[in-house]
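Participant: Mind having a look at this structure? Questions to follow.
The values are calculated or read from the model by the stated rules, or taken from the named source; none is laboratory data. Because the structure is a prediction, the values reported are computed rather than measured. Positions of Cβ are backbone-derived with ideal geometry, glycine not excepted, and every protein chain shown enters the neighbour counts. In case anyone asks, the SASA skips ligands and DNA or RNA and just uses the protein heavy atoms, side chains included. Shrake-Rupley method; radii C 1.70, N 1.55, O 1.52, S 1.80 Å.
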Amino acid sequence: MTVIRPRLFAPGATTALGDLMSGRAWARLYRFRLLATDTAIILVATIGAVFLRFGLDDAETPSTGFRIEYAYLSLIIAATWMFTLTVYHTRDPRVVGMGVSEYRRVVSATATTFGLLAILFLVAKVDIARGYFVVALPAGMGGVLFSRWLWRHWLIRQRTFDHYLSRALVVGRFDDVDYVVRQIHQKSGAAYNVVGAALDTGRRKGAKKDAELQRHLAAPGREVPIVSDLAGAAAAAARLGADTVIVAGRALSGADFVKKLAWELEGTATELVLASPLTDVAGPRIHFRPVEGLPLIHVEIPQFEGGKHVLKRAFDFFASALALFVLSPLFVAIALAVKLDDNGPVIFTQERVGRNGERFTMFKFRSMVLDAEARLAELQAENEGQGPLFKLKHDPRVTRVGHFLRKFSLDELPQLVNVFLGDMSLVGPRPPLPSEVEGYENHVRRRLYIKPGLTGMWQVNGRSDLSWEESVRLDLYYVENWSLTGDLVIMWRTVKVMAHPVGAY
């Protein structure tokens, strides 16, 4: 990773950053584009539903087949729908481009619209064909979701070129600022362009303070200027035209720092964002409970039993059964290819560790030579893996067919049998070897609190390219924060990763 030396930013200096579109400007433009697209889709869905529902055979208007009262009704539904999408903040800059959060709001707004209208029409005794609702609802919602998906991918691509980003000033201790800057620059979907840093030097004096300002800020491929200490953060934000001030971790200049900073930012249209120290706690587990002016953050403790897990098992059972049936021709084709390659066994079995340390036999299509296990010892010196993992990018034991199977993760398809039998889940932590588990530290054993998965956070975030520490962090995050909706997202991302493999070897 390239480490860039920061430069001090002189007051009044100008940079190319000042020429970029501000976060507020791009947000207005992007909201207008979403509004125009949503309007067009909803009008087409509602008015088009009239033609699809009644066709050219309506007895009341035989010449055209079009009932004029439904045209007015379509406009009423479309207007209500657009209003509800606005009420649910589906075009809010803090939501757009975020994926699941944005789509969930669109679905909720649509369901609310049709639910309220259905009740209203029933109470008012408005005669309306149910078939019209049946056509308009899925057509409109599907169209809006698809358009949001297209816009989101367009937005993410633009952000890789530093377009459509909110300019951010990161404030806090050096280590906290450094971490936030790294994370923002490593995530392609991040909505921020860090234009400066304000470091906490409250406990440093003289030479130590100057030395701190000369330290490196690791920002891959770009220079992050250190613009001030905490006391001058608000003034620096105004000077840089920052759209957002991000407070990283804990500030050392006193408990009232955030409150005073908020006061100084009043009237500037600059947003204040707190980078929570609850790094590995997902949003749904965090609740705010104010008590007589004291804002308390309630963090739900993870539960590893109960209804959610029963639902997960039911989903695994039926989804794996369906997948085994649908993919059976592919299973036969792969089995023939493996058999014809070296006339060895098709299925490779290996003992793995599942939930609560229980061992089970995991199935895979064989991708290595027959004596692969015996040759492992001679390759240990070339191990490229970290921690207890053994990884070798160009492993000589992999067969010709095995290279192809591993690249597209096809060798793991027989694990659907393990999912069907209940040893594994469709989504979960990576299934470890017994030898790996023996070397686990105490906190790493939390990976065994739920069933291992056919895919998971590790699969969609780089696989073998991940460090051991990052792999553990992703698995532990999943163990404590999983949801069925999140599982569906990971499964969808897995399909995309299989089509464009990263870190598979």
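Participant: Take the conditions of a type in the set (Phe, Trp, Tyr) and over 30 Å from residue 72 (Cα atoms) and apply them to residue 132. Does it pass? Break it down into steps so the answer makes sense when it comes.
Facilitator: Working: of a type in the set (Phe, Trp, Tyr): yes; over 30 Å from residue 72 (Cα atoms): no.
No.
Participant: Can I ask one more? Go through the range 322-364 and count every residue that is over 30 Å from the mean Cα position of the chain (by Cα) and under 30 Å from residue 445 (Cα atoms).
Facilitator: Residues flagged as over 30 Å from the mean Cα position of the chain (by Cα) and under 30 Å from residue 445 (Cα atoms) within the range 322-364 amount to 9.
Participant: Working only within the range 138-151, note down all residues that are aliphatic (A, V, I, L, M), over 13 Å from residue 91 (Cα atoms) and either surrounded by 20 or more Cβ atoms within 10 Å (Cβ to Cβ) or touching a strand residue (DSSP E or B) at 6+ places or on another chain (Cβ under 9 Å) (or both).
Facilitator: 141
Participant: Provide a single number: the residues in the range 410-423 that are within 18 Å of residue 491 (Cβ to Cβ), in a loop (DSSP other than H, G, I, E, B) and open to solvent by 10 Å² or more (accessible area, probe 1.4 Å).
Facilitator: Number satisfying all stated conditions: 1.
Participant: Which pairs turn up if I take residues in the range 81-102 that are more than 17 Å from residue 113 (Cα to Cα) and free of Cβ contacts under 8 Å to residues at least 40 places away in the same chain and look for partners that are open to solvent by 10 Å² or more (accessible area, probe 1.4 Å) and among the small types (Gly, Ala, Ser) with beta carbon separation below 7 Å, at least 6 apart in sequence or on another chain?
Facilitator: 95/101
Participant: Ok, one more. Can you find a residue that is open to solvent by less than 60 Å² (accessible area, probe 1.4 Å), modelled with pLDDT under 90 and charged (D, E, K, R) anywhere in the range 455-463?
Facilitator: Within the range 455-463, one or more residues are open to solvent by less than 60 Å² (accessible area, probe 1.4 Å), modelled with pLDDT under 90 and charged (D, E, K, R).
Participant: Any residue at all in the range 70-78 that is modelled with pLDDT under 75, assigned to a loop (DSSP other than H, G, I, E, B) and either over 24 Å from residue 144 (Cβ atoms) or more than 25 Å from the chain's Cα centre (by Cα) (or both)?
Facilitator: Initial filter on the range 70-78 (modelled with pLDDT under 75): 70-71.
After this cut, where a residue has to be assigned to a loop (DSSP other than H, G, I, E, B) as well, the list is none.
Looking through the range 70-78, none of the residues is modelled with pLDDT under 75, assigned to a loop (DSSP other than H, G, I, E, B) and either over 24 Å from residue 144 (Cβ atoms) or more than 25 Å from the chain's Cα centre (by Cα) (or both).
Listed here are the residues, each with its yes/no results for (1) of a type outside the set (Phe, Trp, Tyr); (2) closer than 26 Å to residue 104 by Cβ; (3) at pLDDT below 90.
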| site | (1), (2), (3) |
| --- | --- |
| 145 | yes, yes, no |
| 150 | yes, yes, no |
| 153 | yes, yes, yes |
| 156 | yes, yes, yes |
| 160 | yes, yes, yes |
| 165 | yes, yes, yes |
| 176 | yes, no, yes |
| 184 | yes, yes, yes |
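Participant: Moving on to the next point. Taking residue 487 as meeting all but one of (1) open to solvent by 10 Å² or more (accessible area, probe 1.4 Å); (2) farther than 30 Å from residue 343 by Cβ; (3) of a type in the set (Asp, Glu), write down the number of the exception.
Facilitator: (1)
Participant: Continuing with the same structure: How many residues are farther than 19 Å from residue 489 by Cβ, open to solvent by 80 Å² or more (accessible area, probe 1.4 Å) and not aliphatic (A, V, I, L, M) when one looks only at the range 99-125?
Facilitator: Count: 1.
Participant: Of all residues being among the charged types (D, E, K, R) and within 16 Å of residue 354 (Cα to Cα) in the range 424-444, which is surrounded by the most Cβ atoms within 10 Å (Cβ to Cβ)? Just the residue, please.
Facilitator: Our first condition is that a residue be among the charged types (D, E, K, R); within the range 424-444, this holds for 430, 436, 438, 441.
After this cut, where a residue has to be within 16 Å of residue 354 (Cα to Cα) as well, the list is 430, 436, 438.
Values: 430: 21, 436: 18, 438: 10.
Looking at the filtered set, the residue picked out is 430.
Participant: Further question on the same structure: Can you tell me which of (1) over 12 Å from residue 304 (Cα atoms); (2) crowded, with 21+ Cβ neighbours inside 10 Å; (3) not aliphatic (A, V, I, L, M) is the one residue 447 doesn't meet?
Facilitator: (1)
Participant: Going by the structure shown, is residue 486 on the phi > 0 side of the Ramachandran plot and modelled with pLDDT under 90?
Facilitator: No; evaluated as a whole, the condition is false for this residue.
Participant: Considering each residue of the range 345-375, count those that are open to solvent by 30 Å² or more (accessible area, probe 1.4 Å), aliphatic (A, V, I, L, M) and either closer than 25 Å to residue 439 by Cβ or part of a strand (DSSP E or B) (or both), and give that number.
Facilitator: Final tally of qualifying residues: 3.
Participant: Can you tell me which residue among 247, 273, 258 is assigned to a helix (DSSP H, G or I), of a type in the set (A, V, I, L, M, F, W, C), under 20 Å from residue 179 (Cβ atoms) and at pLDDT 55 or above?
Facilitator: On the way: 247 fails: assigned to a helix (DSSP H, G or I); 273 fails: assigned to a helix (DSSP H, G or I).
Residue meeting the stated conditions: 258.
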